[in-house]
Structures are given as C-alpha cells and as structure tokens.
C-alpha cells in the first residue's frame with residue numbers, strides 16, 4: 001500500500017522550497033527478514049534477540065550486528081550522551097516505521113529523505129562477513145526488497161540506497177539491474193574494499209559495475225564508516241559502551257593501530273572525538289578519486305560523500321593539486337589524468353553538511369553551488385532534531401535565493417531524479 005501524501009504545510013521552506021534530506025538512516029525493523037522469508041529459513045536469517053537488556057541482530061545463534069545509532073526515544077525525545085538506545089523497545093517508531101518516519105519529516109519540514117542502512121553497516125561489509133554464500137545472498141536480496149517496498153510505501157518520499165554483493169561481479173550487475181528496474185536510484189559502497197580482500201576501486205575488476213553506474217545514472221554513495229570490516233565495526237560499537245577502556249598507561253601488548261581517541265577518556269568523550277574524526281575517511285576517498293582516471297574512463301559517474309561535511313573540501317583539493325604538481329613528474333604518471341582534481345570534483349562529486357555553520361555560510365560558492373547538499377542524519381546522535389529547518393535558515397538564510405534553492409532542493413532532485421509535488 002502507498003501512503004497518501006499529506007497536505008503541504010510544514011514541508012515547505014520559507015520561500016516555497018521542498019527540502020531534500022540527503023542523508024538519514026532507516027533503522028532495520030525487527031521483522032525485516034522474518035516477515036519476508038519462510039519459517040524454514042528463520043534459523044539462517046537475522047533476528048532480534050535481547051541479551052542482558054540489550055537488543056541485537058543474531059544470525060546462526062551468534063551476534064551479528066547492533067541495532068545501530070538510535071537516539072530518539074518514543075514520543076520524540078532526543079537522548080543526548082548516548083549512541084544506541086537500549087533495548088529496542090525504547091526507540092521511537094519513526095526510526096523504523098515508514099508511516100511514522102513520514103510523519104516526523106512532515107513535522108520537521110522535510111519533503112524527501114535519502115535513506116542509508118543503520119545497524120547492519122553503511123555498505124555490505126556486515127553481509128560479506130556471512131561465510132555461506134547462498135545465505136549471504138538471501139540476506140542481501142531480502143534487505144534490498146525491503147528497501148524497494150519502503151520507497152513504494154512512502155510514495156517515493158523515502159529514497160533508500162541499496163547494497164550490492166560486491167564479492168561477485170556477476171551477482172553485482174544482476175542485482176543492480178534488478179533494483180534499477182524497480183526504481184532504486186543509488187547504491188552505497190565500501191570506500192576500502194581492499195580491507196575485505198577485494199581489489200581497490202580503480203582496478204578492472206570493478207569496471208562492469210562502474211560502467212552500469214555510468215550508463216544508468218544511479219548514484220555511487222560513500223557513507224562515512226562504510227569501509228570497516230564487520231568485526232571492526234562491532235568492536236568499535238562495543239568499546240564505546242565501556243566506561244573505561246584503560247587509563248592511558250603503557251601496555252604490554254600495545255595496539256597495532258592507534259584509535260582516533262585517547263582510551264583514558266570516558267565513554268561519552270570517546271564517542272565525541274570518534275564522531276568528529278570519522279569523516280576523514282571520506283577525505284581519503286575523495287582525494288583518491290580526484291587523483292585517479294576513474295572519471296575519465298566513466299565520464300557520467302555521480303558520487304556522493306555522505307555525512308562527511310564540507311569544510312574540508314577546498315583544503316583537500318588545493319592540497320591535492322599542489323602536491324600533484326610538486327610530486328608527479330614521470331611521463332606515465334602525468335598521463336593518468338586529463339583534468340585537475342577541482343574539475344573532477346565539480347563535475348562528479350557531491351558533499352553535504354548538517355551541523356556546520358562557517359563553511360555553509362561562507363564557502364558554498366568556492367566548493368561549488370551545484371555540489372552541496374544538506375542532511376539531518378536522523379536518528380543518529382548528532383542528528384538535527386527537532387529543529388533542522390530552523391538550523392538551515394540560520395546558516396544559509398542570508399545567501400542568494402538561487403544558492404539556497406540549489407542546496408536545499410534542486411541539487412538533490414537532479415542527482416537522485418526525484419519527483420516533486422505539483423499540486424501546490
């Protein structure tokens with residue numbers, strides 16, 4: 001069943017725009033897999049269990065994934081100082097119900113919202129961790145079918161970004177075509193597939209996928225945190241819940257890689273530092289994309305750097321152009337690219353902001369008026385809730401109406417090929 005569109009009141013910006021939220025998260029509902037598979041399969045697909053008062057996803061009797069970042073409690077109360085409300089029954093249904101999410105969007109003045117996964121990670125790495133290939137594919141296809149249903153039920157106000165079985169390129173192309181035929185607009189990928197044993201993204205292994213992205217117009221999404229292996233992601237989530245990891249003293253067995261935060265911090269301060277640093281991974285993918293020949297080989301690719309902010313963009317592009325000019329002298333290296341990093345960025349990459357004030361207020365024209373989107377990050381800890389529209393008004397309300405229209409509405413409408421209401 002498709003929900004009827006509500007009367008348009010709060011979903012309009014003050015100058016008649018329809019705000020498009022380019023990054024929010026849809027928490028996986030408890031019956032996502034069990035309601036779509038026969039009972040004979042239920043022991044092999046993800047199910048909710050509550051252990052010691054904490055809800056998690058279990059597969060084959062082992063904990064597989066958390067329920068994800070959820071900080072809006074029932075009745076619409078945002079809970080600060082935490083990352084994951086527990087148990088699941090504490091979470092506001094707007095995090096996982098299509099009908100309730102649309103009501104929340106109406107309340108906040110958001111017309112359309114691009115949706116990313118939540119508990120199961122921001123690419124297919126959690127699913128990749130399942131050893132049985134047939135089980136792995138069943139879990140992924142069932143999840144993607146849920147996304148198709150979500151988009152339809154919402155009347156295309158919720159625009160989910162699907163997962164791909166990147167471990168097998170034939171399966172990847174088949175799944176892309178299947179979902180594109182059903183109206184899916186984009187897919188979310190790991191920015192570091194080499195961490196799960198696959199080739200780096202410019203390798204020829206990926207060419208059939210890039211070619212289909214190029215020809216179909218589907219959006220390539222790199223969400224922050226998408227590159228971590230399932231084991232690493234769950235270890236990070238679990239560590240954030242510990243009051244003291246250690247007190248910063250010397251260790252007999254020091255870690256191989258330093259954490260982004262000092263372990264002597266309390267759990268809340270560790271979370272704040274980690275959340276501030278996690279976007280740096282997307283600086284890496286943007287720099288590598290703009291230093292490669294990928295956009296020359298696939299000139300119609302459209303890439304989104306999700307939840308990574310915008311204040312760093314000018315710095316990384318200027319640094320990259322300077323360093324390439326200083327460091328790259330070999331003729332074979334010089335032939336790799338046809339254009340500058342800034343030119344690649346302007347034609348192919350979109351970035352987005354939510355909490356920032358300085359960069360949206362002063363740098364949008366430098367970054368590129370056509371390259372900037374907005375997001376709310378609902379229902380994660382740093383989400384703009386409940387006052388997203390008011391925040392955007394405060395930060396960019398003084399800008400030229402053309403810029404506001406591009407950033408709040410038109411850039412996302414064109415990128416994701418959205419249909420806006422005409423009955424107003």
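Selection of region 153-189 for residues being touching a strand residue (DSSP E or B) at 6+ places or on another chain (Cβ under 8 Å) and in a loop (DSSP other than H, G, I, E, B) yields 156, 157, 163, 164, 184, 185, 189.
Count of region 174-197 residues, restricted to those that are more than 18 Å from residue 418 (Cα to Cα) and loosely packed, with under 15 Cβ neighbours inside 10 Å, is 5.
Note on region 1-47: among residues that are assigned to a loop (DSSP other than H, G, I, E, B), modelled with pLDDT under 90 and under 26 Å from the mean Cα position of the chain (by Cα), the one that is surrounded by the most Cβ atoms within 10 Å (Cβ to Cβ) is 11. Report whether or not residue 208 is over 18 Å from residue 349 (Cα atoms), surrounded by fewer than 20 Cβ atoms within 10 Å (Cβ to Cβ) and at pLDDT 95 or above. So residue 208 fits the description; yes.
Of the residues 315, 344, only one is at pLDDT 95 or above and surrounded by fewer than 17 Cβ atoms within 10 Å (Cβ to Cβ); which?
Numbers: 344 fails: surrounded by fewer than 17 Cβ atoms within 10 Å (Cβ to Cβ).
Testing whether each residue is at pLDDT 95 or above and surrounded by fewer than 17 Cβ atoms within 10 Å (Cβ to Cβ) leaves just 315.
Counting the residues of region 365-424 that are within 24 Å of residue 162 (Cβ to Cβ), surrounded by fewer than 19 Cβ atoms within 10 Å (Cβ to Cβ) and touching a residue at least 60 places away in the same chain (Cβ under 8 Å) gives 4.
Evaluate the following for residue 217: is it touching a residue at least 24 places away in the same chain (Cβ under 8 Å), touching a strand residue (DSSP E or B) at 6+ places or on another chain (Cβ under 9 Å) and either surrounded by fewer than 22 Cβ atoms within 10 Å (Cβ to Cβ) or under 19 Å from residue 26 (Cβ atoms) (or both)? Full working, then the answer.
Numbers: touching a residue at least 24 places away in the same chain (Cβ under 8 Å): yes; touching a strand residue (DSSP E or B) at 6+ places or on another chain (Cβ under 9 Å): no; either surrounded by fewer than 22 Cβ atoms within 10 Å (Cβ to Cβ) or under 19 Å from residue 26 (Cβ atoms) (or both): yes.
Here the answer is no, as residue 217 does not meet what is asked.
Residues that are outside any strand (DSSP E or B), closer than 19 Å to residue 142 by Cβ and in contact with a strand residue (DSSP E or B) (Cβ under 8 Å, 6 or more places away or on another chain) are absent from region 49-66.
Going by the conditions given, is residue 407 part of a helix (DSSP H, G or I), modelled with pLDDT of 95 or more, closer than 30 Å to residue 68 by Cα and in contact with a strand residue (DSSP E or B) (Cβ under 6 Å, 6 or more places away or on another chain)?
Numbers: part of a helix (DSSP H, G or I): yes; modelled with pLDDT of 95 or more: yes; closer than 30 Å to residue 68 by Cα: yes; in contact with a strand residue (DSSP E or B) (Cβ under 6 Å, 6 or more places away or on another chain): yes.
The answer is yes for residue 407.
Restricting to region 269-290, count the residues that are modelled with pLDDT of 95 or more and in contact with a helix residue (DSSP H, G or I) (Cβ under 6 Å, 6 or more places away or on another chain). Result for region 269-290: 3. The residue that is nearest to residue 129 (Cα to Cα), among those in region 79-94 that are modelled with pLDDT of 95 or more and not in a loop (DSSP other than H, G, I, E, B), is 88.
What tally of residues in region 194-214 results from selecting those that are over 20 Å from residue 297 (Cα atoms) and either assigned to a helix (DSSP H, G or I) or touching a strand residue (DSSP E or B) at 6+ places or on another chain (Cβ under 6 Å) (or both)? If you could, list the steps in order and put the result at the bottom.
Residues of region 194-214 over 20 Å from residue 297 (Cα atoms): 194-198.
In the following step, the residues that additionally are either assigned to a helix (DSSP H, G or I) or touching a strand residue (DSSP E or B) at 6+ places or on another chain (Cβ under 6 Å) (or both) were identified as 194-196.
Selection size over region 194-214: 3.
Listed by first and then second residue, the pairs linking a residue in region 87-109 that is free of Cβ contacts under 8 Å to residues at least 12 places away in the same chain to a residue that is part of a helix (DSSP H, G or I) and buried (at least 21 other Cβ atoms within 10 Å of the Cβ), with Cβ atoms under 6 Å apart and 6 or more places separating them unless they lie on different chains, are 100/94. The residues in region 119-140 that are in contact with a helix residue (DSSP H, G or I) (Cβ under 7 Å, 6 or more places away or on another chain) and surrounded by fewer than 17 Cβ atoms within 10 Å (Cβ to Cβ) can be counted, and the count is 1. Go through region 292-340 and give me each residue that's touching a residue at least 60 places away in the same chain (Cβ under 8 Å) and touching a strand residue (DSSP E or B) at 6+ places or on another chain (Cβ under 7 Å). Once the filter is applied, which keeps residues that are touching a residue at least 60 places away in the same chain (Cβ under 8 Å) and touching a strand residue (DSSP E or B) at 6+ places or on another chain (Cβ under 7 Å), region 292-340 yields 301, 302, 303, 304, 305, 306, 307, 308, 310.
The values are calculated or read from the model by the stated rules, or taken from the named source; none is laboratory data. Everything quoted here is computed from the prediction, not taken from an experiment. As a convention, Cβ positions derive from the backbone with ideal geometry for all residues, glycine included, and neighbour counts pool all protein chains shown.
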